[in-house]
Structure formats: C-alpha cells, structure tokens
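Colleague: The structure follows.
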C-alpha cells in the first residue's frame, strides 16, 4: 500500500528567532515553502512500504539539515512556535479569500505546524471511518501545549484549528461522522463548498476567484480528507514532531490500514462504554462516533494523561508506552515568555538533528 508523509517544520536562525526558509525550500522537489513565512514543508513521494518511507524521509531530512547548517538555520519539530512575534501569511489569493470568509479566526492557522499522512485509496469507506476512529492517536505525538505563550491544551495546534480557527465554520474544521459510502462523503464536501462559496460571495469575493482557487476536495480543513492525488485518504491531525516519533506512528497506522483490507470492519452501537473499539487479526470494531469524538477531544486537551485515551489506543493496537510526546516534556507552565520560547526552539532544533542522526545510523 503506497504511503507518504508531509511534515511542516518551523525554521529558525542561530538566536532561535523564526525566519524564512529561503534556500532550504530549493533542496529538492519535495521541499517547499508553506503558507506562512517561517514554515518549511518536507514531503515524501508515495512509498511502497514503511521501510521505504523511513529511508526516503531520513535521506530528505539529511539533505535539508545539511543545507540548514550551511545557512545557520535549524528546523523545529513543534506544533506551534510556543510564543513569538506576529506571523503573517505569505501573499496569495487563496489565503486572501479564506481570510475574507473566515475572518480574524483564520489567523490561528498561522501559528500551527502539522503532519499529514497519506494512504493509497483501497477500501475507501472503511479507510475513512478507521481514520476518524483513530483520531485520538494524535496524542501520541503532540508537541506543543502553548499558543502565543499561553497553555491552551496538550495539542495547542489541534485546539486552535478545531475550537478557534473554525469556530464559526465547524463543518469545515471538525472531525466528521462516519459514512456509509464514498458518495455520502462527496455530498458533504459539495455542501461545504457551497457554504464557503456563499460566504465568499457575501464577503465581496468574485465567483470566478472562488472557482479558480478552491474545489470541493480542498475547501475544508477536516482532520480526515479524500485527496485526488495518487489518490489517497489523508489524516491531518498530528502535530509536527521528531521524525522517529512520526515514523513510529505511521508504522502502527499502516498496520491498522493493512488489517482492514483483510478482515471485517464494524462500528459499535454505543453500548460498549469504556471498552468500545478494538483491532485484532479477527476483526476491527470502531467505537460509535460520539465515543470517538469524545476521545479525540480528550486527546487534544489531556494527551496521554487521559486514561480513557491510553486504554483506547492500546485496544486499537498502538504501543502507547513507546511514545514520549514533546508536549508532555515541555508542559508545566501556564505561560512561556518569548525569550524562553526561543530557547525551547533552539533546544528542539538540536534534538531533531540528533534524532535524524540516530535514524540514519540504523537505516
């Protein structure tokens, strides 16, 4: 099953201040600038196995880090910059239209760096439903509890997107309910696009501009998306994190996604309570949607400090004790100053380099 990964990393200078990627975006065809100035996105091509994905991702990171050292820059694996001066979006018509529709809430996205995992489309309905049910696994790699210095949630990034950035457009940023068919998913997308188009026109955006820069499959920021490229089912919930953490998560997700092709996938009726959901070779049972939604919320707020989340992820096949999220390591303060945030960014840029070195040594 072809699988790929996209990760956004903050770029910093030698003082820990955020800076533009500049030449780092030109390292390969798989590196590019993101929608805000200090973000770099690193992608992999579709890989036929987790082993190939690991090798490809590490090789690409080595190339980017070598270029970063030459430019006196570093990559930071944090879901938010912790605390910093204001971050502006890069000029672009798509961003201008989104800001016109969503308003000032859209600025929350400027402070978020995440990971997107793509799985080749196979049993698409089961894949969509499984990734919805597995959304609480974002807690395994949460990497920042802070938004502009304030502690807001174990995953500040997911909190900002779902609770703040899309507060007025919940269908565009929340975890969707399960579906019975791909057609049902497509109809939901069409309704969201129509809603966005109506709001854009009301905000004075020309219809041609909306049609040029948006389509039904890319107008929403839902945690799970269907993409035309490859084509894939995409999970967008995890924070940016250490490469080793992300590769471990992808490997375990890959195992679940492979299992669902060879067994029955059922959805609980809501009567199993605390024992809802499990993955075994004999079958996959997903919790009812309300339970999955509540567990995802607990994962965002409390991470692996939530016993129900830990127990659920264990039943779903994840080796929870193997994960040590950055968010847990840097948590503990209600407020982080900009000076302390710079130090944290420098520390975790150095730790990312060491993480890649260890991965490269075992490839």
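The values are calculated or read from the model by the stated rules, or taken from the named source; none is laboratory data. None of the values given here were measured: they were computed from a predicted structure. Don't worry about glycine lacking a Cβ; one is built from the backbone with ideal geometry, like all the others, and counts go over all protein chains shown.
Colleague: Any chance the stretch 21-39 includes a residue that's more than 30 Å from residue 199 (Cβ to Cβ), at pLDDT 95 or above, buried (at least 22 other Cβ atoms within 10 Å of the Cβ) and out of contact with any helix residue (DSSP H, G or I) (no Cβ under 8 Å at 6 or more places or on another chain)?
Modeller: There is at least one residue in the stretch 21-39 that is more than 30 Å from residue 199 (Cβ to Cβ), at pLDDT 95 or above, buried (at least 22 other Cβ atoms within 10 Å of the Cβ) and out of contact with any helix residue (DSSP H, G or I) (no Cβ under 8 Å at 6 or more places or on another chain).
Colleague: Can you name every residue in the stretch 194-214 that is more than 21 Å from the chain's Cα centre (by Cα), within 19 Å of residue 109 (Cβ to Cβ) and assigned to a loop (DSSP other than H, G, I, E, B)?
Modeller: 203, 205
Colleague: Looking at the stretch 227-247, which of its residues are outside any strand (DSSP E or B), more than 13 Å from the chain's Cα centre (by Cα) and under 26 Å from residue 189 (Cβ atoms)?
Modeller: Answer for the stretch 227-247, where residues must be outside any strand (DSSP E or B), more than 13 Å from the chain's Cα centre (by Cα) and under 26 Å from residue 189 (Cβ atoms): 228, 229, 230, 231.
Colleague: Only one of 250, 310, 336 is without any contact (Cβ under 8 Å) to a residue 12 or more places away in the chain, in contact with a helix residue (DSSP H, G or I) (Cβ under 8 Å, 6 or more places away or on another chain), surrounded by 15 or more Cβ atoms within 10 Å (Cβ to Cβ) and within 25 Å of residue 162 (Cα to Cα); which?
Modeller: Details: 250 fails: without any contact (Cβ under 8 Å) to a residue 12 or more places away in the chain; 336 fails: without any contact (Cβ under 8 Å) to a residue 12 or more places away in the chain.
Checking each option against the conditions leaves just 310.
Colleague: Which members of the stretch 1-20 meet the condition of being touching a helix residue (DSSP H, G or I) at 6+ places or on another chain (Cβ under 9 Å), under 21 Å from residue 81 (Cβ atoms) and surrounded by fewer than 19 Cβ atoms within 10 Å (Cβ to Cβ)?
Modeller: We begin by selecting, within the stretch 1-20, every residue touching a helix residue (DSSP H, G or I) at 6+ places or on another chain (Cβ under 9 Å); these are 1, 3-5, 7, 9-12, 14-18.
Narrowing the set further to residues that are under 21 Å from residue 81 (Cβ atoms) leaves 7, 9-12, 14-18.
Once the filter is applied, which keeps residues that are touching a helix residue (DSSP H, G or I) at 6+ places or on another chain (Cβ under 9 Å), under 21 Å from residue 81 (Cβ atoms) and surrounded by fewer than 19 Cβ atoms within 10 Å (Cβ to Cβ), the stretch 1-20 yields 14, 15, 17.
Colleague: Would you pick out the residues in the stretch 47-65 that are in a loop (DSSP other than H, G, I, E, B) and in contact with a helix residue (DSSP H, G or I) (Cβ under 9 Å, 6 or more places away or on another chain)?
Modeller: Of the stretch 47-65, the ones in a loop (DSSP other than H, G, I, E, B) are 48-49.
Once the filter is applied, which keeps residues that are in a loop (DSSP other than H, G, I, E, B) and in contact with a helix residue (DSSP H, G or I) (Cβ under 9 Å, 6 or more places away or on another chain), the stretch 47-65 yields only 49.
Colleague: Note down all Cβ pairs under 7 Å where the first residue falls in the stretch 2-13 and is over 22 Å from residue 69 (Cα atoms), the second is modelled with pLDDT under 95, and they're at least six residues apart or on different chains.
Modeller: 2/230
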